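Reading through the structure tokens given below for one structure.
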Ligand SMILES: C[S@@+](CC[C@H](N)C(=O)[O-])C[C@H]1O[C@@H](n2cnc3c(N)ncnc32)[C@H](O)[C@@H]1O
């Protein structure tokens, strides 16, 4: 894990070694929020410009068939029950300015999300609970490395029964799609994942939190569920590939990459978050990383 601001760290000469070698940049940058988080969030046009300026360095580090996946949450206009279009504008500007293809948009739905924005959802009851973040999968290539067989979903009980019985309702569907019996009766090891991911972000006790409590370190306030980076790492990389998160926070991405046998590099300017991130690794892993958790790139 590298300590410092991404714009400075990623242009360090020693990182030239990563040029053209990163298979996946998976990141959740500070969101353009109205209520500022502790680590600060820019607003308006400043945010749009700030995010876009990371494009050239990301492209330089990326393999030609690599991917960039950026997660951004929704934001609301201050004092009004209306959504800000800023996250969408920021993604669009990032994509256009850096000549990237939008391979696919994903929604990460958190069914356990508490009702918000509170004023409009729980007090005045005129809006619904805002419960998803948006992810854009971008690439300089129209055909970046990807394999949806690596992220199959287990068949439901009903699907398993259908496959076993082979009794499909074949023929033309209202959408004009023709269901062929042979194609659907085959067991492919799971069903193809939709681009809506449903992941509850509710962990109240895990190794990370235990570690922070024991060592009197403040928790990172915006950690993502580890299932999210794991999904994209499995989908878009193979074991041994390099994954980069330029806005590492508590290093959920690094921990996911490590578990899946990928090399990882993350950047975070807040030293306390970096110290807390050590709670994501066991003693054996830490020994492997010793001396590399601050300042130098970490490798398996
Ligand atoms: C939304 S959080 C990322 C959380 C992370 N995905 C996790 O699961 O812990 C964004 C992080 O970006 C960091 N950050 C803010 N400005 C930065 C910059 N210029 N360079 C690198 N990191 C920055 C913040 O300190 C914060 O930890």
Inset, instruction - Name, by its number, the condition in (1) farther than 16 Å from residue 137 by Cβ; (2) in contact (Cβ under 8 Å) with a residue 24 or more places away in the chain; (3) within 12 Å of the ligand (Cβ to nearest atom) that does not hold for residue 69. - result: (1)
Legend entry - Filtered residues of region 139-189 (kept if in contact with a helix residue (DSSP H, G or I) (Cβ under 8 Å, 6 or more places away or on another chain), modelled with pLDDT of 95 or more and not in a helix (DSSP H, G or I)): 140, 144, 145, 146, 147
Inset, instruction - Please give the number of the condition residue 125 fails out of (1) part of a loop (DSSP other than H, G, I, E, B); (2) in contact (Cβ under 8 Å) with a residue 12 or more places away in the chain. - result: (2)
Inset, instruction - State whether the residues of region 197-213 include one that is within 13 Å of the ligand (Cβ to nearest atom) and buried (at least 20 other Cβ atoms within 10 Å of the Cβ). - result: yes
Inset, instruction - Check whether at least one residue in region 16-26 is part of a helix (DSSP H, G or I), modelled with pLDDT under 95 and loosely packed, with under 15 Cβ neighbours inside 10 Å, and report yes or no. - result: yes
Legend entry - Test set (1) surrounded by 15 or more Cβ atoms within 10 Å (Cβ to Cβ); (2) in contact with a helix residue (DSSP H, G or I) (Cβ under 6 Å, 6 or more places away or on another chain) - residue 192 fails condition number: (1)
Legend entry - Number of positions in region 234-286 that are at positive phi, surrounded by fewer than 22 Cβ atoms within 10 Å (Cβ to Cβ) and within 13 Å of the ligand (Cβ to nearest atom): 0
Inset, instruction - Six or more apart or on different chains, Cβ under 7 Å: which pairs go from a residue in region 4-31 that's more than 28 Å from residue 225 (Cβ to Cβ) and away from the ligand (no atom under 14 Å from the Cβ) to one that's modelled with pLDDT of 90 or more and part of a strand (DSSP E or B)? Could you list them? - result: 20/63
Inset, instruction - Kindly provide the set of residues from region 214-229 that are in a helix (DSSP H, G or I) and within 12 Å of the ligand (Cβ to nearest atom), ordered by number. - result: 227, 228, 229
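Quick test for you: out of 86, 62, 102, pick the one residue that is surrounded by 18 or more Cβ atoms within 10 Å (Cβ to Cβ), farther than 14 Å from residue 246 by Cβ, touching a residue at least 12 places away in the same chain (Cβ under 8 Å) and more than 14 Å from the ligand (Cβ to nearest atom).
Matching residue, one of 86, 62, 102: 86.
The values are calculated or read from the model by the stated rules, or taken from the named source; none is laboratory data. Being a predicted model, the structure only gives us computed values, none of them experimental. We place every Cβ from the backbone using ideal geometry, glycine too, and count neighbours over all the protein chains shown.
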